[in-house]
Amino acid sequence: MHDGFTPYRRYGTGHALCNAHHVRELAGILDADPDQTWAADLIRPLCEINDMARSAHVDGAEAIDERLLTVYRHRYDTIIATGRAANPTPPGHRARPPAVNLLARLGGFATDVLRFAHDLRVPFDNNLAERDIRMVKLRQKISGGFRTWTGAATFCAIRSYLSTARKQGINALEALTRLHNGRAWLPETS
């Protein structure tokens, strides 16, 4: 899962695009030009599908009902077509406005945008991954980087340990205390 940065397409074949990024971009387009109502029209179904996917996941389903997804996909494609009609690609080599670029991504990679709806193992956004890397970037920003590779590796190992423990419902202080006492918490293997 990524934000649509083109070079990421070189890695693997199964891509999903982060819809938190899309919702922010759509809101930005709407803020810049309130006449771009297609942007608001697209935010709604993305959020509705996300709610359905979450509910289906909680209920133990593997996917959302295909008939319902077909209706949503038709709605999605119609909104993209409306947006493209309101934002034609400029002729020649002129720079494309943000709305045109976003519509090209949302229309051209619709399967990746909606992957979370067809495979409930795929999240709606990559916010969890971004949160996990945030502390590394914050440390880099505050101190300008790490002094040694060993220091960087140690920092990342501790952050990874704490992140995994948190995702398993283990308190960070408890995990660190166990680590310090030589009884490191390890996730159960299946």
Checked the range 162-190 for anything modelled with pLDDT of 80 or more, assigned to a loop (DSSP other than H, G, I, E, B) and loosely packed, with under 10 Cβ neighbours inside 10 Å; matches are G169, N181, G182, R183
Of the listed residues (R147, R139, R134, R159), the one being closer than 27 Å to A53 by Cβ, modelled with pLDDT under 90 and outside the structural domain of I49 (by TED's automatic domain parsing) is R134
I64 vs. criteria modelled with pLDDT under 90, among the β-branched types (V, I, T) and more than 25 Å from P7 (Cα to Cα)
yes
Scanning the range 14-37 for residues that are under 13 Å from the mean Cα position of the chain (by Cα) and of a type in the set (A, V, I, L, M, F, W, C), the one nearest to I79 (Cα to Cα) turns out to be V23
The lone condition A40 fails out of (1) farther than 30 Å from R67 by Cα; (2) outside any loop (DSSP other than H, G, I, E, B) is (1)
Does at least one position in the range 56-63 carry a residue that is part of a helix (DSSP H, G or I), touching a Leu at 6+ places or on another chain (Cβ under 8 Å) and not charged (D, E, K, R)?
yes
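The values are calculated or read from the model by the stated rules, or taken from the named source; none is laboratory data. These numbers were taken from a predicted model, which means no experiment stands behind them. Using ideal geometry, Cβ is built from the backbone for each residue, glycine included, and neighbour counts are taken over all protein chains shown.
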